[in-house]
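Novice: Dropping a structure here in structure tokens format, bear with me for questions.
The values are calculated or read from the model by the stated rules, or taken from the named source; none is laboratory data. What you see is a predicted model; the values in this text were computed from it and never measured. Here the Cβ is made from the backbone with ideal geometry for all residues, glycine too, and neighbour counts use every protein chain on show.
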Amino acid sequence: MGCNNLSEDDVVKEIRERVIAWERSNWAPYPWRVNRTPYKVLIAELLLKRTTRQAVAREYPKFIERFPDFNAIYNATLEEVVEAFRHLGLYKQRAVQLKRIAKIIIEKYNGEVPDKWEELVSLPGIGVYLAGAVLSFGFGKKAPVLDSNVIRLLSRLTGIKTKRNQDYLRLLWKLVPDKDHDLFNYGMIDLGALVCHYKKPRCESCPLKDLCVYYSNKSIKNNKNRDCLINIYKKLIKE
Ligand code: SF4
């Protein structure tokens, strides 16, 4: 698809549809992706920090069985929470963080995970990624989920290098659809991790390649198409 006749809305629509269609065929039923609740999503994402999906898939069901809600974590000793993290590394740090979150959620939010962006990002160690994941995957509310894989994908796709995550977050707010936002977010994370690989992107199997500035530079050497795409992404990323 050439860029010339495309508006910003067309590009947004194409990206949404292609990412969702790709994810429908590649969706992996990890235990934290089925039977989702805000609590389970938050726990899974904390476990997934610097740990492989395979390792978390083994440990997550045991963790949820031992600690089915924040009350259970609040009432457990730190040593008991440390023990539950033992097979995932960084266990002391993670256990301390989780105990701190549990204390706030029990004492300030009556045991319920808050459903507002500002409240989530104010919890200890919860950044924009986790806030978006809890909202989109846990509460079913439209929100962007910006992890390091998605940042890399957006940076290559748009050709825009920025150190300000706020820029990619603003772009992602525009890309995330109202309907199927969870599927879209999973798709962006999975595409970033599996296809737009950090060492070597597998562009030939990427559904976004003809909309991608990096691919345009690398494979087609089509400056017109690349410049047209850059223009569109620049407008989309603008405040
Ligand atoms: S075409 Fe290549 S560089 Fe562009 S988003 Fe896809 S995998 Fe990443």
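Novice: For residues in region 178-225 being of a type in the set (D, E, K, R) and within 16 Å of Val12 (Cα to Cα), which is surrounded by the most Cβ atoms within 10 Å (Cβ to Cβ)?
Specialist: Looking at the filtered set, the residue picked out is Lys209.
Novice: Could you tell me which residue of region 144-169 is surrounded by the fewest Cβ atoms within 10 Å (Cβ to Cβ), considering only residues that are part of a loop (DSSP other than H, G, I, E, B) and within 14 Å of the ligand (Cβ to nearest atom)?
Specialist: So the residue we want is Lys161.
Novice: Give region 67-88 a look and list any residue that's touching a residue at least 40 places away in the same chain (Cβ under 8 Å) and of a type in the set (Phe, Trp, Tyr), or say none.
Specialist: Of everything in region 67-88, just one residue is touching a residue at least 40 places away in the same chain (Cβ under 8 Å) and of a type in the set (Phe, Trp, Tyr), namely Phe70.
Novice: Residue under question is Asn185, and the condition is that it be outside any loop (DSSP other than H, G, I, E, B), closer than 23 Å to Arg33 by Cβ and away from the ligand (no atom under 13 Å from the Cβ); does it hold?
Specialist: yes
Novice: Of the residues Pro144, Pro177, Pro207, only one is touching a residue at least 40 places away in the same chain (Cβ under 8 Å) and under 21 Å from Asn231 (Cα atoms); which?
Specialist: Pro207
Novice: Which condition breaks for His197 when tested against (1) within 16 Å of the ligand (Cβ to nearest atom); (2) in contact (Cβ under 8 Å) with a residue 24 or more places away in the chain?
Specialist: (2)
Novice: Shifting gears a bit: Determine, yes or no, whether Arg100 is more than 30 Å from Asn223 (Cβ to Cβ) and at pLDDT below 95.
Specialist: no
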